[in-house]
Amino acid sequence: MSPVSSHNHHHSNGNGTTTYDSNGNDEIKQEVKEEPMLSDDNATFAEIMKSSKKKNKNKRKAAESGSDSEGEYKPEKKKSASSSKKNGKKGESDGDESDDYKPEKKKQKKSNKKKNRGSSDEESDADYSEEDVKPPKKKSKTSEKSKPSTSSAKKDVKKEPSKKKVKEEAEDVWEWWKEDKKPDDHVHFKYNGERMKLSLEAEECATFYAGVLDHEYSTMDAFNKNFMKDWRKVMTTGERERIVDLKKCDFRAIDVYQKEQREIRKAMTKEEKLKIKEEKEGEVKIYGIAVIDGHRQKIANFRIEPPGVFRGRGGHPKMGMLKRRIRPEDVIINCGKDSEIPKPPPGHKWKEVRHDNTVTWLCSWTESVLGQNKYIMLNPSSKIKGEKDYEKYETARRLKKKIGGIRERYTEDFKSKEMRIRQRATALYFIDKLALRAGNEKDVDESADTVGCCSLRYEHIKLFDSAKLNDTDKKEKEFVVEFDFLGKDSIRYYNRVAVEKRVFKNLKLFMENKKAGDDLFDRLDTATLNEHLRSLMDGLTVKVFRTYNASITLQDQLLKLTNPKDNVAAKILSYNRANRQVAILCNHQRAVSKTFDQSMEKLEQKIKDKKKEVKEAEEALKHARGAEKEKAQKKYDRLKEQLKKLKISRTDKDENKQIALGTSKLNYIDPRITVAWCKKYEVPLEKVFTKTHREKFRWAIDMTMTSDEEFVF
């Protein structure tokens, strides 16, 4: 093959290489023949090209003088003669070139010859006349497979151009003209009444705030102050100069859009919802399983929390701050040495990969608001988690056998001459009786003023020689202590309790010569208290007291409240009331739901309608005779039972509107107590245990259901 100048582009014509000038003009400069094909059409085309080269000699020289190309345009070679483009069409390009290469037309001198108007767009771009360039004869499938023809060319016959067009790949054609025109952006942020286009990061943060417009957070000064401070950090210089007052920011259009999207998701068809469900299940199969000692175990939650606004609980001082996006570079992977290390997203890398078999977490990162370590752990139903739960509840059961002796010990220590021992005994009394947390387990965020028993300060308690425990009480009680402080997760703990006289006197003594900010138990901390407890019983800590008190309270309340003659609905009400006493003891509170009033109104309407049905059924029963009377009686009894269930549900909802029953059930109460109660009183387990509970406590269900003996904590 003859060399071709590196400054020229070229296209294939099916027989050889047709070279164009560097500016992409259609004038042919040079033809470099490859091995000629022995067909009539090829011979004709060669002669035509030779003639064309002579006619365009002057044009070629002009093109060469203006060439500044640094490389050749090399079209993709065709596999066979039949697949090459016909009628002088240029070949397809590869690499970074476009699929349809069309060199720029160069002005020509007027030609007396008629221009070729073939079927393809490429033909219309060529600078050949119909007489100069004649398309090769179309071959049949048979002739393509046989040897090339050696017959002479028929120069006098004018051939019509082929009507066959080259098929274009679907992804290369965007038929935008067939699409519905997208509406103009209707989601606008406004500042001081004027529309304002935000940068991407600032806009994302605006969507976070729009999500709390209907919540009380948007009315809290601390929340708004923290949000504005962090939001300004991601703004551009221009945005910071203009947006200075959160009260002038209008997020309502964003809020409306988000609500519209929620409604769209709710209105999805069953097929659409099923598709999303299948996609999530597919992700679980890939990312939701870990192999532990050869056994496949579920992972709790393998999705890292997305960025957003930190809400916090109670009155957390950092509410409103922005939680930044967690990236692979923030994540530590923990897996076995011989396991396949998960691959990070393209273009990223993990912060660290370690092989620590002394811990149970699989991934770890540090969140941006509190600076706390977050983990991805195994599912609660896994063996590792199940064994820990079993050991925790068995330790609490052992405490039951020794609690009497431990109480005698700390009661004696109330009168100890050593202040350290006296403080320890008084603190242990509150931990035992009130299920208080130990304290000294400060948040990494020091600005969150959360305390426990050991870290109580002077201002957290008040002493009353006599006072009412509740506003509804008619009589006052002696030696009353009022607690008021922020506990774990900044949840307020407020309680008035009557205590023993000796405890009351000790508290007065501990508060002498102290002021706000001073520790109540200034000679005690959690470490020394737990060390003392371990000397009383192996494995005993402050946490075990909390588990013991939660479990024994539920068991005692169930014995007190359950009526074997009640129907299932009434028994469940009794269970929830017993569970509520545990939640109150552990201070498991929750905010009243925004939809609570609406839900109660609907329930009241149902009760009203059901009463009407019962009354109608009662009238029908009075007038019924013969076989109809029995039928009417059954209907009346059924409707009356339904009315009773609705009333029970109303009572249950109202009593639990501010109490979170699930936390104690999931983390503090021995699950075998619940399973044994359901077994004894023939209550379906799914009525009190959710799917999550049943999976986590599979061991407890099996142990209790298969045992002939009734479980007692």
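Annotations
- Checking the Cα-Cα distances for Lys611/Lys657; Lys611/Lys635; Lys571/Lys645 against a 22 Å cut-off, the pairs over it are Lys611/Lys657.
- The count of lysine pairs in region 202-263 whose Cα atoms are under 19 Å apart, excluding pairs fewer than 8 places apart on the same chain, comes to 7.
- Count Lys and Arg as plus one, Asp and Glu as minus one, and take only other residues whose Cβ is under 13 Å from that of Lys514; the net charge is then -1.
- With a Förster radius of 25 Å applied to the C-beta separation of Val256 and Ser593, the computed FRET efficiency comes to 0.65.
- Too-long pairs where the Cα-Cα distance tops 28 Å, listed order kept, from Lys606/Lys696; Lys275/Lys374; Lys298/Lys349; Lys475/Lys647; Lys560/Lys647: Lys606/Lys696; Lys275/Lys374; Lys475/Lys647
- Glu695-Lys514 pseudo-label distance in nm [points 7 Å out on the Cα-to-Cβ vector]: 4.6 nm
- Cα point-scatterer Debye curve for region 385-544, base-10 log of I(q)/I(0) at q = 0.08, 0.16 Å⁻¹: -0.25, -1.00
- Relative to the globular-protein estimate of 2.2 N^0.38 Å, the Cα radius of gyration of region 285-379 stands at 1.21.
- Using distinct alpha-carbon pairs, which all enter the 1/r mean, Kirkwood radius of region 190-267 in Å: 13.2 Å
- The value of relative contact order for region 456-558, using C-alpha pairs under 8 Å at least six residues apart, is 23 percent.
- Reducing region 217-270 and region 356-385 to their Cα centroids gives an inter-centroid distance of 31 Å.
- Cβ-based charge dipole, region 385-544, positive-most Cα from Ser416, Leu540, Ser455: Ser416
- For region 546-624 and region 316-348, distance of Cα centres in Å: 43 Å
- Averaging the sequence gap over all C-alpha pairs within less than 8 Å and six or more residues apart, then dividing by the number of residues, gives region 385-544 a relative contact order of 24 percent.
- Local charge for Arg492 was computed over the other residues whose Cβ lies under 12 Å away, with Lys and Arg +1 and Asp and Glu -1, and equals -1.
- Three-way shape call for region 507-571 based on the alpha-carbon gyration tensor, with the a/c threshold at 1.5: oblate
- Computed E for Lys560/Glu216 - FRET, C-beta separation, R0 41 angstrom, nearest 0.05: 0.65
- Stokes-Einstein D in µm²/s, Kirkwood radius over Cα pairs - region 229-291 at 4 °C with 1.567 mPa s viscosity: 81 µm²/s
- The stretch between Phe464 and Gln633, if pulled fully straight at 0.36 nm per residue, gains 54.9 nm over its current Cα-Cα span.
- Relative contact order of region 190-267, defined on C-alpha pairs under 8 angstrom at six or more residues apart (%): 48 percent
- Measuring nothing but protein heavy atoms, the accessible surface of region 385-544 at 1.4 Å probe radius is 45 percent carbon and sulfur.
- Here the convex hull built on the C-alpha positions of region 477-530 has a volume of 120 cubic angstrom per residue.
- Among the GluC sites (Glu not before Pro) in region 333-398, those located in a DSSP loop and surrounded by at most 11 other Cβ atoms within 10 Å of their own Cβ are Glu340.
- Where region 385-544 is the region considered: accessible area per residue in Å², 1.4 Å probe: 54 Å²
- Once the Cα gyration tensor of region 539-670 is diagonalised, semi-axes √(5λ) in Å: 40, 19, 7
- Dipole of region 550-706, positive direction: furthest Cα of Ala583, Met600, Thr706, with charges on the beta-carbon: Met600
The values are calculated or read from the model by the stated rules, or taken from the named source; none is laboratory data. Owing to the predicted nature of the structure, the values given are computational and were not obtained by experimental measurement. So basically every Cβ, Gly included, is an ideal-geometry build from the backbone, and we count neighbours across all protein chains shown. The area values use the complete protein model at the heavy-atom level, side chains included, leaving out ligands, DNA and RNA. Shrake-Rupley method; radii C 1.70, N 1.55, O 1.52, S 1.80 Å.
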